[in-house]
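**Q** Before anything else, here's the structure in question.
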Amino acid sequence: MSSVFGDLDPAAHQPHALHAADRMWPETNCYVDLWIEVLAAHGVAPQAMLGFALTQDFEGDQMTFFKVPLEDLEALYDIRVTELAIFDRVESHVVEQIGRGRLCLVEMDSYFMPDTRGVGYRQEHGKTTVAINRLDLASQSMDYFHNGGFFRVEREDFVGLFQTDGPADGLPFLPYTEFAKFPAAPVSAERQHSTAERLLAHHYTRRPENNPLASFAKVFPAQVEALAERPFGFFHKYAFNTLRQFGANFELLSSHLLWLDASRFDGEAQEALTISEIAKSTQFQLARAVTRKKFEPLATVLDPAAEAWERLMRGLGAKIA
């Protein structure tokens with residue numbers, strides 16, 4: 001087997017609707033984004049996995065980098081994911097697993113990934129996760145899921161990603177790697193739906209004890225004031241790990257609730273979307289505050305998001321109970 005999903009072509013790939021250009025956050029984070037595209041390629045509904053978004057918290061310096069729990073993937077789709085031990089050349093392990101119909105998720109350097117052009121490609125070294133669908137050692141090419149799409153990397157970039165031009169006695173490239181084992185056939189839509197309903201109730205019990213957006217709002221102005229003393233490039237890292245994380249998280253939660261039952265959860269889906277919208281608008285206010293070094297307007301800018309979080313949780317609690 002030369003690829004896990006044999007009918008995929010990067011040149012013809014159409015991203016899933018969760019990555020549509022008209023969404024507030026067409027891309028979320030590398031791990032969730034690639035699973036959205038992988039699940040769509042497998043023929044199941046990515047929307048079913050998103051109940052875990054209820055558990056996002058404020059971690060003091062960042063919002064939770066939200067990731068689908070591996071046990072949810074198994075419960076919903078019969079997809080089993082575990083760590084793959086890397087003790088030989090990475091590409092050798094990946095080729096072996098592709099031959100067995102398994103998809104490898106590998107941490108790689110975005111510096112060598114052309115799909116990050118204008119952000120990281122050939123500009124900045126950054127850790128990101130990709131899912132490798134096809135790997136051709138002879139032609140030095142790879143097809144992979146990353147962020148909101150499906151791409152191909154070749155030649156010099158392939159060499160950079162796998163560090164194949166290093167000295168024979170150099171330190172080996174041993175990235176963290178997971179691999180996914182797929183069932184013989186996709187699980188039924190009915191099972192996905194019923195399991196997603198159960199998981200939503202489960203994740204509701206795991207929601208933060210304290211309102212994470214209220215906690216973030218208390219320290220946000222001081223964090224931005226400190227941010228203003230850093231090089232401007234640091235702004236993007238801060239915004240990605242705070243505003244973008246909770247904005248994208250709650251837009252996905254809104255999509256999940258509408259997929260589950262649009263009539264039943266319409267109010268809660270709108271509250272989640274309100275949170276996402278506020279994150280988006282606050283990102284622009286953050287840029288202005290850093291540029292002008294005026295931080296007073298940020299003192300209350302997140303209050304409406306915190307209030308929406310309270311209404312969202314109350315509404316879900318009443319309906320789930």
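The values are calculated or read from the model by the stated rules, or taken from the named source; none is laboratory data. All figures in this text were calculated on a predicted structure; none of them were measured in a lab. Cβ atoms come from the backbone with ideal geometry, glycine included; neighbour counts cover every protein chain shown.
**Q** Of all residues in the stretch 1-31, how many are in contact with a helix residue (DSSP H, G or I) (Cβ under 7 Å, 6 or more places away or on another chain), more than 26 Å from Gly99 (Cβ to Cβ) and surrounded by fewer than 16 Cβ atoms within 10 Å (Cβ to Cβ)?
**A** Final tally of qualifying residues: 1.
**Q** Ok, one more. Out of all the residues in the stretch 89-123, which are under 19 Å from Val159 (Cβ atoms) and either part of a loop (DSSP other than H, G, I, E, B) or polar (S, T, N, Q) (or both)?
**A** Arg89, Ser92, Ser110, Met113, Thr116, Arg117, Gly120, Tyr121, Arg122, Gln123
**Q** What residue, among those in the stretch 181-220 that are charged (D, E, K, R) and over 13 Å from Ala48 (Cβ atoms), is surrounded by the most Cβ atoms within 10 Å (Cβ to Cβ)?
**A** Only one residue fits best here, namely Arg207.
**Q** Given the criteria surrounded by fewer than 19 Cβ atoms within 10 Å (Cβ to Cβ), of a type outside the set (S, T, N, Q) and in contact with a Cys (Cβ under 8 Å, 6 or more places away or on another chain), does Glu178 qualify?
**A** The answer is yes for Glu178.
**Q** Looking only at residues that are aliphatic (A, V, I, L, M) and touching a residue at least 40 places away in the same chain (Cβ under 8 Å) in the stretch 226-246, which one is surrounded by the most Cβ atoms within 10 Å (Cβ to Cβ)?
**A** Leu243
**Q** Please verify whether Glu107 is over 19 Å from the mean Cα position of the chain (by Cα), outside the structural domain of Thr205 (by TED's automatic domain parsing) and among the acidic types (Asp, Glu), treating the condition exactly as stated.
**A** The answer is no for Glu107.
**Q** To continue, here is another question. Tell me the residue from Gly51, Gly99, Gly43 that is in contact (Cβ under 8 Å) with a residue 60 or more places away in the chain, under 20 Å from Leu260 (Cα atoms) and surrounded by fewer than 15 Cβ atoms within 10 Å (Cβ to Cβ), please.
**A** After ruling out the rest, the residue left standing is Gly43.
**Q** Still on this structure, please answer the following. Out of the stretch 10-31, which residues are farther than 24 Å from Tyr176 by Cβ and part of a loop (DSSP other than H, G, I, E, B)?
**A** Of everything in the stretch 10-31, those that are farther than 24 Å from Tyr176 by Cβ and part of a loop (DSSP other than H, G, I, E, B) turn out to be His13, Gln14, Pro15, His16, Ala20, Ala21, Asp22, Arg23, Met24, Trp25, Pro26.
**Q** To continue, here is another question. Is it the case that some residue within the stretch 137-147 is at pLDDT below 95 and in contact with a Cys (Cβ under 9 Å, 6 or more places away or on another chain)?
**A** Within the stretch 137-147, one or more residues are at pLDDT below 95 and in contact with a Cys (Cβ under 9 Å, 6 or more places away or on another chain).
**Q** What residue, of Leu73, Leu34, is buried (at least 18 other Cβ atoms within 10 Å of the Cβ), at pLDDT 95 or above and part of a helix (DSSP H, G or I)?
**A** Leu73
**Q** Test Val68 against the criterion of being in contact (Cβ under 8 Å) with a residue 24 or more places away in the chain and not assigned by TED's automatic domain parsing to the domain that holds Thr129, and give yes or no.
**A** yes
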